[in-house]
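Visitor: For reference, the structure I am asking about is given below.
The values are calculated or read from the model by the stated rules, or taken from the named source; none is laboratory data. Keep in mind that what you see is a predicted model, and the values were worked out from it rather than measured. When we count neighbours, we look across all protein chains shown, and the Cβ atoms used for this are built from the backbone with ideal geometry, even at glycine. Just the protein is used for accessible areas: all its heavy atoms, side chains included, with ligands, DNA and RNA removed. Shrake-Rupley method; radii C 1.70, N 1.55, O 1.52, S 1.80 Å.
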Amino acid sequence: AVHPGYGFLSENETFAEACEAAGIVFIGPPVSAIAAMGSKAAAKALMQAAAVPLVPGYHGDDQDAERLQREADAIGYPVLLKASAGGGGKGMRVVDKHEDFAAALASCKREAASSFGNDRILIEKYLTRPRHVEVQVFADRHGGAVYLFDRDCSVQRRHQKVLEEAPAPGLSDDVRRAMGEAAVAAARAVSYVGAGTVEFIMTDKAFYFMEMNTRLQVEHPVTEMVTGLDLVEWQLRVASGEPLPLRQDQLKIDGHAIEARVYAENPARGFLPSTGTLKYLRLPASVECAIGEPRRAAVRIDSGVREGDTITPFYDPMIAKVIAHGANRGEALARLDRALQACEAVGPQTNIEFLQRIVTCPPFASAELDTGLIERHHDALFARAEKPFKEAVALACAALLTREGGTAHGASPWDALSHWRLNGGYRQTIEWRSIEDDTPCKIVYARDGVACSLIHEQWTEAFDWWREAQPHGYGARLGDIRTTGRVFIDGDTFHVFCRGTWLAFEWTNLLAHAADAEHGEGRLTAPMPGKVIAVLVEPGAMVEKGAPLIVMEAMKMEHTIGAPAAGKIAEVLYGVGDQVTDGAQLLVMET
């Protein structure tokens, strides 16, 4: 048998067919079910026949651009373009007005063809402030079918999920049962077998069928946490020909679970995927629930990478899933927050701090959920946070002084390589630059006998430091404030993790070469490593500010390079199909 995981391979009917032809059991639904639900347009027609509620839209065979434009105009803007063979948020575009439709359609078709080998598009009415609620279904080969309740996956960026939780907050028993029964009807309509997810879009108490994912979902752990079941075990049993282990009336919800997806991406740059080697990675260990609670993990970590691995542009940039369970939503949320504070990574950019902000922001904490939550609260979620700067720079100094042989007072001077003088005190100026905001910081480390102080332009504190027993662990005392944390040293950059936050400082090493020259303003460079899929201008072309010039693709996501100012294209340095590195100059432009 082959278990295909929960990536695109698990919904690949050709692969499932090949397994079947080779006499190998494909641990998933029948090929016919994958095919039926693999085309969103065909699936909509099946659901309509099965009386499952649908969002108004166009799912027809006529894919002529003018016909699609007319259908969108008739539905009324905003509309959502979706790749018929799509999934994972790929090949989706929201179009707000008639004038934007043609460009969005071309981009959507291009991404759909690249991701799925099929550029067919369907159109749906785009609902404002909807929730994304999905139902886990299971069916066997003996006619049995059940739903294992629901999950809310409304918190999304680029139409991809960021946080998921089970059960979906705020659903009445009647709505929960109606959605579950509709999901089972959808499964029965295609003679489904195994684990599947029926996704609904929801406004107030009305819900509409979106699509069915014919696989185990990335977010299946939250369902396992609240049901106490192992869904992969169920998959194996069903694939072996066994009936479902439980009936619908034997299933129940116990507590609440929330999952956060830790990605290698840069939230501040539109969530662009980030690549590179994970030079340092620390994830919290799975934690058992307290005594008296049901026997299950309070915190669970699922990860497919380890320290030293490389995040490449060829695969999904997920680093780990952090899942927390509690007796109620508040308890699960508090446990998730603590677990995220213990996540630390150096190498690619990550969304760890962004996840911490979401789980503590009032709208999410009070379950005011919809798919526009991140965009609507953008200013608050991306506002500059207050961080323990003083404590962090003290820990950075502790790591630097320890590395150079400076030891806490009381140690033998013969063990030290510096910071000790025979007759008199010693002062050393240590210059730092904050990586986050480029702020310079000058610290004067003074030592006279046993007295140490850390002198900044705005404060002077008695200073002491020590090594902690844990790897990369340091401690520091500034006046009456005692703090501990971890410092990972990468060349002259000191990454400090303390009090649930990350700060990085670059040490100005006077003996080293000067820092690399900064790129000139407005330089047209690749924001990520990837492939050029469209060149929209030629040398000599005159362009206006913001005009699209080159389209890149990385990790199945498109990014358009626009003109930073009006000017003339002097040279195009790459062509369609070329692979480019992060920061590579793509064009030469005279502004």
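Visitor: For the range 83-189, what is the charge dipole size about the Cα centre, in debye to the nearest 20, if Lys and Arg each add +1 at the Cβ and Asp and Glu each add -1 at the Cβ?
Guide: Details: 17 positive and 15 negative charges, 64 e Å.
It comes to approximately 300 debye.
Visitor: Also, I was wondering about something else. Mind listing the long-range amide H neighbours of Tyr58? Cut-off is under 5 Å, sequence gap 5 or more, other chains count too, H placed in the peptide plane at 1.01 Å from N.
Guide: Here the answer is Ile123, Glu124, since their amide H atoms fall under 5 Å of that of Tyr58.
Visitor: Further question on the same structure: Any idea of the accessible area per residue across the chain, 1.4 Å probe, to the nearest Å²?
Guide: Details: 26660 Å² over 591 residues.
Per-residue accessible area for the chain comes out at 45 Å².
Visitor: Peptides 496-504, 271-279, 577-585: what's the order by average Cβ count within 10 Å, highest mean first? Display every interim value, and only then the final one.
Guide: Values: 496-504: 20.8, 271-279: 18.9, 577-585: 14.0.
Averaged packing, sorted descending, gives the order 496-504, 271-279, 577-585.
Visitor: If the cut-off is a Cα-Cα distance under 20 Å, which lysines reach Lys442, setting aside same-chain residues fewer than 8 apart in sequence?
Guide: Within reach: Lys387, Lys390.
Visitor: Placing unit charges on C-beta atoms (Lys and Arg positive, Asp and Glu negative, everything else neutral), compute the dipole magnitude of the chain about its Cα centre in debye, rounded to 20.
Guide: Numbers: 60 positive and 79 negative charges, 159 e Å.
About 760 debye.
Visitor: For the peptides 299-309, 208-218, what is the packing order when you average, over each peptide's residues, the other Cβ atoms within 10 Å and list the highest mean first?
Guide: Values: 299-309: 15.4, 208-218: 23.8.
Top to bottom by mean Cβ count within 10 Å: 208-218, 299-309.
Visitor: Counting alpha carbon pairs within less than 8 Å and at least 6 residues apart, what relative contact order, in whole percent, applies to the range 1-77?
Guide: Numbers: 48 pairs, mean separation 16.5, N = 77.
Result for the range 1-77 is 21 percent.
Visitor: Which ³J(HN,Hα) values in Hz, rounded to whole numbers, follow from the phi angles of the range 172-180 under the Karplus curve 6.51 cos²θ - 1.76 cosθ + 1.60, where θ = phi - 60° and Gly and Pro get x?
Guide: 6, 4, 5, 5, 4, 5, 5, 5, x
Visitor: Same structure again: Under the rule of at least 5 residues apart or a separate chain, name every residue whose amide H is placed under 5 Å from the amide H of Val25.
Guide: Val2
Visitor: Also, quick follow-up: Given contacts defined as C-alpha pairs under 8 Å and at least six residues apart, what's the relative contact order of the chain, whole-number percent? Don't skip to the answer; put the middle values down first.
Guide: Numbers: 1250 pairs, mean separation 53.8, N = 591.
Contact order relative to length: 9 percent.
Visitor: Relative to the present Cα-Cα distance, how much length would full extension add between Thr525 and Arg467 at 0.36 nm per residue of separation? Display every interim value, and only then the final one.
Guide: Details: separation 58, 0.36 × 58 = 20.88 nm, distance 4.22 nm.
Extra length available between Thr525 and Arg467 comes to 16.7 nm.
Visitor: Here's another thing I want to ask about it. For the pair Arg306 and Gln458, how long in nm is the line joining their label points, each one 7 Å along Cα→Cβ?
Guide: Computed distance between label sites Arg306 and Gln458 equals 4.3 nm.
Visitor: Another question, if that's okay. If packing is taken as the average count of other Cβ atoms within 10 Å, what order do 128-136, 101-109 fall into, highest mean first?
Guide: Working: 128-136: 21.9, 101-109: 18.1.
Descending packing order for the listed peptides: 128-136, 101-109.
Visitor: Can you find, among Ala178, Val155, Gly89, the residue farthest towards the positive end of the dipole of the range 86-197? Put +1 on the C-beta of Lys and Arg, -1 on that of Asp and Glu.
Guide: In the range 86-197, that residue is Gly89.
Visitor: If you don't mind, another one. Starting from the amide H of Ile319, placed 1.01 Å from N in the peptide plane, find each other amide H under 5 Å away whose residue is 5 or more places distant or on another chain.
Guide: Val262, Tyr263, Ala264
Visitor: If you fit an axis through the alpha-carbon atoms of helix 389-403 and take the longest principal axis of the Cα set of the chain, what angle between them do you get, 0 to 90°, nearest 10?
Guide: The angle comes out near 70 degrees.
Visitor: Out of Gln341, Val393, Gln356, whose Cα points farthest toward the positive end of the dipole of the range 314-401 (charges: +1 Lys, Arg; -1 Asp, Glu; placed on Cβ)?
Guide: Val393
Visitor: What's the angle, to the nearest 10 degrees (0 to 90), between helix 65-75's Cα axis and the longest principal axis of the chain?
Guide: 90
Visitor: If you build the convex hull over the alpha carbons only and average its shadow over all orientations, what do you get for the chain? Give it in nm² to one decimal.
Guide: Projected area, direction-averaged: 31.9 nm².
Visitor: Projecting each Cα onto the charge dipole of the range 190-247 (Lys/Arg +1, Asp/Glu -1 at the beta carbon, about the Cα centre), which of Met202, Pro245, Val232 comes out farthest on the positive side?
Guide: Value computed over the given set: Pro245.
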